[in-house]
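Please read the structure below before turning to the comments.
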Amino acid sequence: MSRSLATAVMALLTLLCLLTSWSIAAHGVDETTGQFLTVNQGVAIVPFIYIGAKHMVTGYDHLLFLVGVIFFLFRGKDVLLYVSLFTVGHSITLLFGVLNEVQLNAYLIDAIIGFSIVYKGFDNLGGFRRMLGYQPNTKLAVIIFGLFHGFGLATKIQEFHLPQQGLVSNILAFNLGVEIGQFLVLAVVLIGMSFWRRHRSYLTFSVATNTLLMSCGLMLVGFQLTGYLLN
């Protein structure tokens, strides 16, 4: 049973990897959402909370990074700490980027986000200890990559040229929605991982799982850099 569970998890990660490549252009912003963002005027708290939550739930690159972050965290307080660091990081740059109209190249930002997945998978495999002889600060890495993930969110939002009226309230609502979506998805992931951790296969397949995470990240980096060069 444990081996079949591990196979199911690997299949799920593979699916997420494929969905990451398929959702690069839209990045969780579908046509209906795009139309709403384009025509909306004034404060719209509930819709922006919904859009933020949906963006995180369908933001497979963000989720893959978080899976890497929590993969070897076995205590609840450690999960809370690292997820909080990520939250602080992406909240800062999301709000700063949108409210100050900081324009960054979407392809390059998403390539860095893809690299963050590669970094975390490599870190989980102990690659830095073997290559460098020491372990880089994992907390610092999470908050720094969180900053880039936030810029990724800000870049996508700014593409719709939101009106200034109600902008602060709407962006705060969007950020709240992102946190709600993140909480819901992580709850499901943690429930699944806590069940898998009861079996020996969790550690047995840890190398394969984190290698797959790295592969997903490399795929995303490749697609985004290709897009950057072609555009």
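Brief remarks on what is shown
- Applying the condition of being closer than 20 Å to ASP110 by Cβ and among the polar types (S, T, N, Q) to the range 153-174 and asking which residue is surrounded by the most Cβ atoms within 10 Å (Cβ to Cβ) yields THR155.
Conditions (1) in contact (Cβ under 8 Å) with a residue 40 or more places away in the chain; (2) aromatic (Phe, Trp, Tyr); (3) assigned to a helix (DSSP H, G or I), marked per residue:
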position	(1), (2), (3)
GLN103	yes, no, no
ARG130	no, no, yes
GLY150	yes, no, yes
PRO163	yes, no, no
ALA173	yes, no, yes
ILE180	yes, no, yes
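- When residues of the range 190-199 are limited to those that are part of a helix (DSSP H, G or I) and not hydrophobic (A, V, I, L, M, F, W, C), the one surrounded by the fewest Cβ atoms within 10 Å (Cβ to Cβ): SER194
- Taken together, the residues in the range 148-166 that are of a type outside the set (D, E, K, R) and out of contact with any helix residue (DSSP H, G or I) (no Cβ under 7 Å at 6 or more places or on another chain) amount to 5.
- Screening VAL98 against (1) crowded, with 17+ Cβ neighbours inside 10 Å; (2) more than 23 Å from CYS216 (Cβ to Cβ); (3) of a type outside the set (Ser, Thr, Tyr); (4) in contact with a Gly (Cβ under 9 Å, 6 or more places away or on another chain) leaves a single unmet condition, (4).
Residue-by-condition table, conditions (1) of a type in the set (Asp, Glu); (2) open to solvent by less than 50 Å² (accessible area, probe 1.4 Å); (3) farther than 22 Å from MET56 by Cβ:
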site: GLY146; (1), (2), (3): no, yes, no
site: VAL188; (1), (2), (3): no, no, no
site: LEU203; (1), (2), (3): no, no, yes
site: THR226; (1), (2), (3): no, no, yes
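- Look at (1) surrounded by fewer than 23 Cβ atoms within 10 Å (Cβ to Cβ); (2) modelled with pLDDT under 95; (3) farther than 30 Å from ARG198 by Cα and you find that ARG129 fails only one, number (3).
- You will find that of THR7, THR33, the residue that is over 21 Å from GLU179 (Cα atoms), among the β-branched types (Val, Ile, Thr) and at pLDDT below 90 is THR7 and no other.
- Hey, GLY28 closer than 22 Å to ALA141 by Cβ, modelled with pLDDT under 85, within 15 Å of the chain's Cα centre (by Cα) and small (Gly, Ala, Ser) or not: no
- Out of GLY217, GLY177, one residue alone is surrounded by 19 or more Cβ atoms within 10 Å (Cβ to Cβ), closer than 18 Å to SER116 by Cα and in contact with a helix residue (DSSP H, G or I) (Cβ under 8 Å, 6 or more places away or on another chain). It is GLY217.
- Given (1) at pLDDT below 85; (2) within 15 Å of ASN170 (Cα to Cα); (3) buried (at least 21 other Cβ atoms within 10 Å of the Cβ), number of the condition VAL39 does not satisfy: (3)
The values are calculated or read from the model by the stated rules, or taken from the named source; none is laboratory data. Quick caveat, the model's predicted, so the values are computed rather than measured. So basically every Cβ, Gly included, is an ideal-geometry build from the backbone, and we count neighbours across all protein chains shown. For accessibility, only protein heavy atoms count, side chains too; no ligands or nucleic acids. Shrake-Rupley method; radii C 1.70, N 1.55, O 1.52, S 1.80 Å.
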